[in-house]
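I'd like to ask some things about the structure below.
The values are calculated or read from the model by the stated rules, or taken from the named source; none is laboratory data. Here the structure is a predicted model, which is why all the values come from computation and not from measurement. We place every Cβ from the backbone using ideal geometry, glycine too, and count neighbours over all the protein chains shown.
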Amino acid sequence: MSQVALKGSPVKLEGSFPSPGSKAPDFKLVQGDLSEISLSSFSGKVKVILAVPSLDTGVCAKEAKEFNRLMGDMSSVQVIVASGDLPFAMDRYCSAEGIKNLAAGSQYRDMNFSRSYGTHIADGPLQGLSARAVFVIDQNDSIAYSELVPEITEEPNYDAALESVKKLA
């Protein structure tokens with residue numbers, strides 16, 4: 001069981017955090033129109049998965065905007081945001097912020113994504129949501145880069161994720 005922090009307090013995570021070279025676990029997330037997306041929905045593309053607690057927080061919102069900007073011109077790359085938000089709220093946020101270069105997916109139907117990716121928060125005030133992490137997955141669904149952000153309230157390493165994407169795209 002991994003551990004991160006929320007404002008300095010330890011938070012336990014469920015699941016096993018996948019490392020580079022391992023096969024990316026499949027998942028099902030729900031979009032704003034209630035359709036489901038999975039890893040295979042983006043077959044043949046480089047995938048950047050952002051695991052976040054909620055787009056309704058400042059850090060998660062900033063992260064989504066930054067990855068939308070960074071990956072906007074890369075047609076061979078699909079950014080996917082996975083959170084516990086309701087799909088309608090995620091859709092509304094992306095529309096209001098002009099975010100068009102990412103797929104927003106909710107795990108409200110089941111928490112398989114965060115458990116499979118080792119980011120499921122097991123205790124504390126955010127229990128049941130996902131810790132902050134970034135995964136870069138190649139065209140063959142192998143993990144090329146993974147970062148579990150040690151402090152949930154901090155942003156990920158954008159430069160390292162972008163560098164990993166550039167090697168694949």
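Restricting to the range 87-105, give me the number of residues that are modelled with pLDDT of 95 or more and in a loop (DSSP other than H, G, I, E, B).
Of the residues in the range 87-105, 0 are modelled with pLDDT of 95 or more and in a loop (DSSP other than H, G, I, E, B).
Between a first residue in the range 141-169 that is without any contact (Cβ under 8 Å) to a residue 40 or more places away in the chain and a second residue that is in a strand (DSSP E or B) and among the hydrophobic types (A, V, I, L, M, F, W, C), which pairs have beta carbons less than 6 Å apart while being 6 or more apart in sequence or on different chains?
Between residues of the range 141-169 that are without any contact (Cβ under 8 Å) to a residue 40 or more places away in the chain and residues that are in a strand (DSSP E or B) and among the hydrophobic types (A, V, I, L, M, F, W, C), the close pairs are Glu147/Val134; Ser164/Val136; Ser164/Ala144.
Table: residues versus (1) surrounded by fewer than 23 Cβ atoms within 10 Å (Cβ to Cβ); (2) of a type in the set (Asp, Glu); (3) closer than 21 Å to Glu147 by Cβ; (4) under 13 Å from the mean Cα position of the chain (by Cα).
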| position | (1), (2), (3), (4) |
| --- | --- |
| Asn68 | yes, no, yes, yes |
| Gly84 | yes, no, yes, yes |
| Arg92 | yes, no, no, no |
| Gly98 | yes, no, no, no |
| Leu102 | yes, no, yes, yes |
| Ser116 | yes, no, yes, yes |
| His120 | no, no, yes, yes |
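Here's a follow-up. Report every pair of residues separated by at least 6 positions or lying on different chains whose Cβ atoms are under 6 Å apart, first residue within the range 100-129 and without any contact (Cβ under 8 Å) to a residue 60 or more places away in the chain, second in a loop (DSSP other than H, G, I, E, B).
Asn101/Gly72
Find the residue count for the range 5-31, including only residues that are over 16 Å from the mean Cα position of the chain (by Cα), of a type outside the set (D, E, K, R) and either over 17 Å from Arg132 (Cα atoms) or assigned to a strand (DSSP E or B) (or both).
The number of residues fulfilling the criteria is 7.
To continue, here is another question. Can you tell me which residue in the range 7-41 is surrounded by the fewest Cβ atoms within 10 Å (Cβ to Cβ), limited to those that are closer than 23 Å to Arg92 by Cα and hydroxyl-bearing (Ser, Thr, Tyr)?
Ser35
While we're looking at this one, here's another question. Residues being closer than 23 Å to Phe88 by Cβ and at pLDDT 95 or above: count how many of those fall in the range 109-127. Outline the logic, then answer.
Initially, the range 109-127 is screened for residues closer than 23 Å to Phe88 by Cβ, giving 109-114, 119-121, 126-127.
Narrowing the set further to residues that are at pLDDT 95 or above leaves 113-114, 119-121, 126-127.
So the count comes out to 7.
Let's see how each residue does on (1) out of contact with any strand residue (DSSP E or B) (no Cβ under 7 Å at 6 or more places or on another chain); (2) of a type in the set (Val, Ile, Thr); (3) within 20 Å of Gln3 (Cβ to Cβ):
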{"site": "Pro18", "(1), (2), (3)": "no, no, yes"}
{"site": "Gly21", "(1), (2), (3)": "no, no, no"}
{"site": "Phe42", "(1), (2), (3)": "no, no, no"}
{"site": "Ile49", "(1), (2), (3)": "no, yes, no"}
{"site": "Glu63", "(1), (2), (3)": "no, no, no"}
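If you don't mind, there's one more thing I want to ask. Can you pull out the residues in the range 104-114 that are more than 17 Å from Ser41 (Cα to Cα) and either buried (at least 19 other Cβ atoms within 10 Å of the Cβ) or among the acidic types (Asp, Glu) (or both)?
Those that are more than 17 Å from Ser41 (Cα to Cα) and either buried (at least 19 other Cβ atoms within 10 Å of the Cβ) or among the acidic types (Asp, Glu) (or both): Asp110, Ser114.
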